[in-house]
Amino acid sequence: MPPVPTAESGSYQPFSKVAGAEPLPGYRLIEPLGRGGFGEVWKCEAPGGLHKAVKFVAGGASEDGQGERRFAQELEAFQQIKAIRHPFLLTLERVEIVGGELIMVMELADRQLQDRFRECRTCGLPGIPRDELLAYFADGAEALDMISAKYGLQHLDVKPANLFLVAGHVKVGDYGLVARLDPDGPASGNRGLTPKYVAPEALRGDPSNRSDQYSLALVYQELLTGTFPYNGRTAQQIMLQHVSSKPDLTPLPAGDQPIVAQALSKDPEQRFSSCLAFVQALLSVSSAAALPNAGMDVRRARVQRSMSEMNLPNNEAMAEEVDTGSANRHPVESTQNFTLPGGATNITRPGAAGRLPALVSTNRRPGSVVQAPSGPQQNNAATSRPGPAAPPPQSRFAVVLNPIRSVVPVARLIGMQAPDSPLSATDFAMAVLGEAAAGGHIPQMAGDLGRQVDGTWVCKFPSTVPLPVVPIKLAIVRDTFRVNAEQPEPTQIVFRQMVTTGYFSSRAAKNSGFEVIVQLPPPGKVVGEVTVTGGIFGTPDKEFSRQAQDIIPQMIGSIRRELKNVDDRRKHPRLAASFGITLYPIHGDGGIDTPVYARCRDVSVAGISVATETTFSTKYAYAAFEGVGITAGQTVLVRWVRTQVVDRMCVSGGYYRTDL
């Protein structure tokens, strides 16, 4: 197996394990997930078929003769972690020593926080939006403070790769460097520490109960802004900067800088009293121009409650722990908390003059934005004595887009300056459609027969034929093409022809052939969509494959004739797609709401269908697609026309606005 790079440590080492091995009875290794400070992590299949994560930590002697003692002390700390149950700690399920090696079985997370950071960067954002990031940090800080306050443990390896996302929350994991703070014991040493994120005192082998806070502050700036406070290029340079250099915090919002500066103090005693106190200080910095955020209020209350439960000092006023002075206090600017650049011509600051083209109908609906008349307003008190000019009305949005275009860069939606997009809305839509087709044939009309890049034929059309009648109508297809037919479930019929020996229509037992699958709509729907797919399976001979490629589209056409009894009102065919999408809801006055993460369901040349966990009240939104090359960093305007709840998700469909 080739060497595996660990960029943070600067070393290159091969994985010592192999897929298929069982380090513990019943735990079969599947694939490597990564490498930590002490060892490596693998995905495994546990007894019962569940997937878990397994971490291997190497033991051994040391030059000072304390290696075995430290190993035993670390094992004791791991045993304490194993017994701890907290919603924001990745669960440790089993800890064993086998052959002088520590083996830990733990919960398998959905992904790492650094994966979410990469998603945001792909969409053109500097990093994770501040409100979202603080929600994650409130989770992680609570877990770190709990193991510190109640068990005297420090994680000592807080970094984006060790903050795991599970069901929308962060869980702290990877306990390979966890250490008990014992003033009477030996120094913990610094074997395996990640130089980029380590606190100065931990580098000296003397970690404190505020070492994790230092690491958390480094991670905060990196994930929010995409920059790091220290610019060292080697591990040695970064470690030296941790000990003696001043961090560069200028990329941070002005209100965050003194808070992060205190958390990065070289002296642990000068930092906040806890990780939660650090997060509480960040939460206390608000934007006067932003919309009221009930979610942030809930997080503040939860942080305060958690601090009380752990008897941690409460940050009632940020000035008690952050000595900045009122002259240096600045609110965080813009929805994403980045300073608006000077001289931007495409951004209207809250309260600026000028009107935008109306997006919302003038007929009022619940939740709609009332448009101000475009002409001058009549003043009933025009004859009264003139007074001082009234200040311009303040917008409730931190970012107001002007002008509104069909395609705009992501940067403009977060209050930054950017040139006009080179893409037209039509080019944008075709790029998305082409990516969904993955290089295959794109159907040109509803009910048209399309072909995917893997050779699978696809056809979708509406039907009102009742489920019990479908097998009867399709019996003629079975008899005409002399194929086998089965119905494995009420909403699915499968036609299959196995590979032949001698002539095409004979049945053979070889596991190769072709099949056509008819997926019917769920029962209870008057009009539903039928999806028919067809393709070759196994490894049939060339002659069989040639004949099958002629038969499959004929069969699909015959099925369509039997079941398609209504016209499709859709002008454009849809292709299934699963892109990640970031939606930026926009109001009638150009005000941009907090971004909403969505998953694409299908796309067409005219619009999209998406699923979200939360609803948004606007009729329009800008959509940024992940993984569609030429659209990177750009968004397209979508007008929503329908929303419904499906499997506890909000499914919305809309059309691209191509005329702005």
Inset, instruction - Can you confirm whether region 182-191 contains a residue that is at pLDDT below 90 and outside any loop (DSSP other than H, G, I, E, B)? - result: no
Legend entry - Residue tally, condition part of a loop (DSSP other than H, G, I, E, B), exposed (fewer than 14 other Cβ atoms within 10 Å of the Cβ) and modelled with pLDDT of 80 or more, over region 479-510: 2
Inset, instruction - Within region 132-154, identify whether any single residue is part of a loop (DSSP other than H, G, I, E, B), of a type outside the set (Asp, Glu) and in contact (Cβ under 8 Å) with a residue 60 or more places away in the chain, and answer yes or no. - result: no
Legend entry - region 465-488: number of residues that are closer than 25 Å to residue 548 by Cα and free of Cβ contacts under 8 Å to residues at least 24 places away in the same chain: 11
Inset, instruction - Among what's in region 427-465 and is at positive phi and modelled with pLDDT under 65, pick the residue that is surrounded by the most Cβ atoms within 10 Å (Cβ to Cβ). - result: 447
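Every residue, every condition in (1) without any contact (Cβ under 8 Å) to a residue 24 or more places away in the chain; (2) not assigned by TED's automatic domain parsing to the domain that holds residue 625, yes or no:
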position: 537; (1), (2): no, yes
position: 542; (1), (2): yes, yes
position: 590; (1), (2): no, no
position: 595; (1), (2): no, no
Legend entry - Positions within region 625-652 being within 18 Å of residue 584 (Cβ to Cβ) and either outside the structural domain of residue 600 (by TED's automatic domain parsing) or of a type in the set (D, E, K, R) (or both), in sequence order: 626, 639
Inset, instruction - Could you tell me which residue of region 169-181 is surrounded by the most Cβ atoms within 10 Å (Cβ to Cβ), considering only residues that are of a type outside the set (D, E, K, R) and at pLDDT 80 or above? - result: 173
Inset, instruction - Quick one: residue 598 ticks every box in (1) within 15 Å of the chain's Cα centre (by Cα); (2) of a type outside the set (Asp, Glu); (3) surrounded by fewer than 23 Cβ atoms within 10 Å (Cβ to Cβ) except a single one, so which number is it? - result: (3)
Legend entry - Search result, residues across region 640-660 that are free of Cβ contacts under 8 Å to residues at least 40 places away in the same chain and under 19 Å from residue 605 (Cβ atoms): 640, 641, 642
Inset, instruction - Inspect region 101-116 for any residue being within 27 Å of residue 28 (Cβ to Cβ), small (Gly, Ala, Ser), crowded, with 17+ Cβ neighbours inside 10 Å and at pLDDT 80 or above and give the result as yes or no. - result: yes
Inset, instruction - Can you confirm whether region 213-231 contains a residue that is surrounded by fewer than 18 Cβ atoms within 10 Å (Cβ to Cβ), assigned to a helix (DSSP H, G or I) and on the phi < 0 side of the Ramachandran plot? - result: no
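The values are calculated or read from the model by the stated rules, or taken from the named source; none is laboratory data. In this text the structure is predicted, and so the values were computed from the model without any measurement. Backbone-built Cβ (ideal geometry, glycine too); neighbour counts: all protein chains shown.
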